[in-house]
1. Would you pick out the residues in the range 194-213 that are more than 20 Å from L163 (Cβ to Cβ) and touching a helix residue (DSSP H, G or I) at 6+ places or on another chain (Cβ under 6 Å)?
2. For the range 238-248, name all the residues that are in a helix (DSSP H, G or I) and loosely packed, with under 15 Cβ neighbours inside 10 Å.
3. Go through (1) touching a helix residue (DSSP H, G or I) at 6+ places or on another chain (Cβ under 9 Å); (2) over 28 Å from A245 (Cα atoms); (3) at pLDDT below 95 one by one and return the number of the condition W182 breaks.
4. Looking for something in contact with a Ser or Thr (Cβ under 8 Å, 6 or more places away or on another chain) and at pLDDT 60 or above - is there at least one such residue anywhere in the range 128-137?
5. Any idea how many residues of the range 225-237 are crowded, with 21+ Cβ neighbours inside 10 Å and not in a loop (DSSP other than H, G, I, E, B)?
Amino acid sequence: MSCSTDPTPPRAGGRDPFCTTRWTVVLNARGDSAEGRAALRALCEAYYEPVLVLLQRSTRDAAAARDLAHDFFANLLEGDRLAQVRREGGKFRAYLSIAVKHFAAHRRESERRLRRGGGIEPVSLEAGDARGLPLEDAQTLPPDLAFDRAWATTVLARALAALRAECEGEGRATQFEELKPWLIGEAAHGAQVDLARHLAVDPGALKAAVHRLKRRFREFVKAEIAATLSPPADLAEEMRALFAALAT
């Protein structure tokens, strides 16, 4: 069966989105593979925000943390780094957390001897889809918990963006905006009855529509997480980690 690196959940009868993921492509790459580097760059761009939050919490200097985050990703994407990445396997989240801590520690040891940046040119990376959902103030959490919280928020934001794009493509953009509060926990008590009255629809039908959209959102969340795993990593375990991070 042909598999894709795109983690978007398929419709019924479609391709399995979990069979080959972006992280798996990175781990399976050999040498300076263009495909592996592209997959690694996509992951780095998607998960820039958790790294920045971890560094901000560790350094307590926003400007220095941003510079260090750019240097970290430039270093990771420079040359043939895939051999080292392959040895980590498993979860991209775990690899990223460990790698950035090692990089920051090495930078602290080296900055007395080297100019800031160590001769590595900054790489332009944007948080992109990670914007749009509220992010807990990183300064209130220990660095590791702040990283996990930012990772979880990034996952939800990217899943929400994918769901929005799907709804727009199917001509349901207005419905998505009307029902989004029930996806991100912003709906007030009794709001569903009020919305049904405003739209002049049956409350039961609206409740069913909300349920379907929630189920689809969860599918996108699972697909986004699966894109950062490789065997023997456990998707269910990583989902539990996501809920735990959101509860902090």
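1. Selection gives A196, P203.
2. Step one: list which residues in the range 238-248 are in a helix (DSSP H, G or I), which gives 238-246.
Matches in the range 238-248: R240, F243, A244.
3. (2)
4. First, pick out the residues of the range 128-137 that are in contact with a Ser or Thr (Cβ under 8 Å, 6 or more places away or on another chain): 129-130, 133-136.
Still in the list and also at pLDDT 60 or above: none.
Among the residues of the range 128-137, not one is in contact with a Ser or Thr (Cβ under 8 Å, 6 or more places away or on another chain) and at pLDDT 60 or above, which makes the answer no.
5. Filtering the range 225-237 for residues crowded, with 21+ Cβ neighbours inside 10 Å gives 225-230.
From what is left, the residues that are not in a loop (DSSP other than H, G, I, E, B) are 225-226, 229.
Qualifying residue count, the range 225-237: 3.
The values are calculated or read from the model by the stated rules, or taken from the named source; none is laboratory data. Just so we're clear, the structure is a prediction, and the values are computed from it rather than from any experiment. Because the Cβ atoms are built from the backbone with ideal geometry, glycine has one as well, and the counts that use them run over all protein chains shown.
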